[in-house]
1. Size of region 246-357 along its principal axes in angstrom, Cα-based, largest extent first?
2. Charges at C-beta only: +1 for Lys and Arg, -1 for Asp and Glu. How large is the resulting dipole of region 245-330 about its Cα centre, in Debye rounded to 20?
3. If each of Asp148 and Asp330 carries a label point 7 Å out from its Cα toward its Cβ, how far apart are those two points in nm?
4. How much FRET efficiency would the formula 1/(1 + (r/R0)^6) give for Ala128 and Thr320, where r is the Cβ-Cβ distance and R0 is 30 Å, rounded to 0.05?
5. In square angstrom, what is the accessible area per residue of the chain with a 1.4 angstrom probe?
6. About the Cα centre of the chain, what is the dipole size in debye to 20, counting +1 per Lys and Arg Cβ and -1 per Asp and Glu Cβ, all else neutral?
7. For Asp235 and Gln196, what is the calculated FRET efficiency with R₀ set at 22 Å and r taken between the beta-carbons, to the nearest 0.05?
8. Which order, highest average first, do 210-221, 344-355 follow once you tally other Cβ atoms within 10 Å for each residue and take the mean per peptide?
Amino acid sequence: MSSRACPCTPLLPALALTLVAAMGCREPATSDFRHSTDASSRAGLVALPDGVLTANEAGTVVRLERTGQVSWRAALDREVATRPALLGDSVIAGTVGGDLVRLSLADGAVQWRLTGEPPVLTAPVADAEGKFVFLVAPDGSVRSLFTDTGKTDWERPPPGKPEPTAAPRGFPVPVLQDGLLVVALGDAGLMALATQDGAKRWQRDLRDVLGMSLWRDTLYVSTRQGHVLALRLGDGTSLWEQAPAEALSSPPSLALGTVWVGTAGKVSALVGLSPSDGKEVARVTLPDPLVSEVTPVREDLLLVPTSGRQGRLIALNTRTWAQAFSVRADTPLRTRPVVLGDQVIVLGLDGRVLSWRLRKTDP
């Protein structure tokens, strides 16, 4: 068959996207839109019912519709290095220059703005009611703010003496549930604080934490040294600990009843662990490291973003864990994809937001 007779060769060269499929000539994904935010970005995507929200190193917060059209743009003037916190009808975004801003989700209008704050290098998190937002400063201090005014509710000073070295790129995203805020503070370890007043509830000497994920009352934690732990949220008691590799590259993510982590080293891989005992249930070799989280699509695909220069988004068949297909964005994918039905949206390190429509894989 000639290449002209095959509808999936070539595939949209103008968008610099390459499709590698294990499904014959059927096109498993079609390009939906491409939008440039006009600056590099590592802030990640916030999923909305009708689109996504992101930000970039130029200090611009952008809301995109599912079609790729810009709903609004808000200029904060300094780099936004973290994912904004969603509060229902508004969002809170912080800059590396120490600005903290609440924006209307409808039109991006500024509702309040604080200046002279610590640099926001760790993503803020809000409680389920949207009444409080919690921030971790580069020195490890933790604050709770009222979301309606931005005023401080309580503040906890940096842990330990002397103070821990400031985190140049921030700490892992905190986890919030059942009145507890769990923070990973570098050499100060893992700590659970009461959301009411910041009082310490428990602490674990667990360093070099890559990230945390919560399912029901179990906290899953991964470390750079290759360890994955399951802890009881209420008191920090260890339920199990496994070492699936000498080094890990990603926070843990829960998808399809499995705990997933990426490995670092000579061979990059995605490893799946049983959430009940941590035993390995899947291992898939990757072309480049996973540094963020994976995302399921329906029940038949698991999306794995890779951080190499080619920026491959790999789709794994969940029945066999074999590669169904991959798409190449030609920019590192370092944040979690957003899935809206059969639409998948990713953020490239170069600040482009890319979207594809996925079709159901064959049995």
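1. Computed over region 246-357, the largest-to-smallest principal extents equal 39, 32, 20 Å.
2. That gives region 245-330 a dipole magnitude of about 200 debye.
3. 5.1 nm
4. Using R0 = 30 Å, I get an efficiency of 0.20.
5. 43 Å²
6. Dipole about the Cα centre, nearest 20: 800 debye.
7. After rounding to 0.05, the efficiency reads 0.80.
8. 344-355, 210-221
The values are calculated or read from the model by the stated rules, or taken from the named source; none is laboratory data. The shown structure was predicted, so the numbers you read here are calculated from the model rather than taken from an experiment. Cβ: placed from backbone, ideal geometry, glycine included. Neighbour counts: every protein chain shown. Remember, those area values only see protein heavy atoms, side chains included, never the ligands or the DNA or RNA. Shrake-Rupley method; radii C 1.70, N 1.55, O 1.52, S 1.80 Å.
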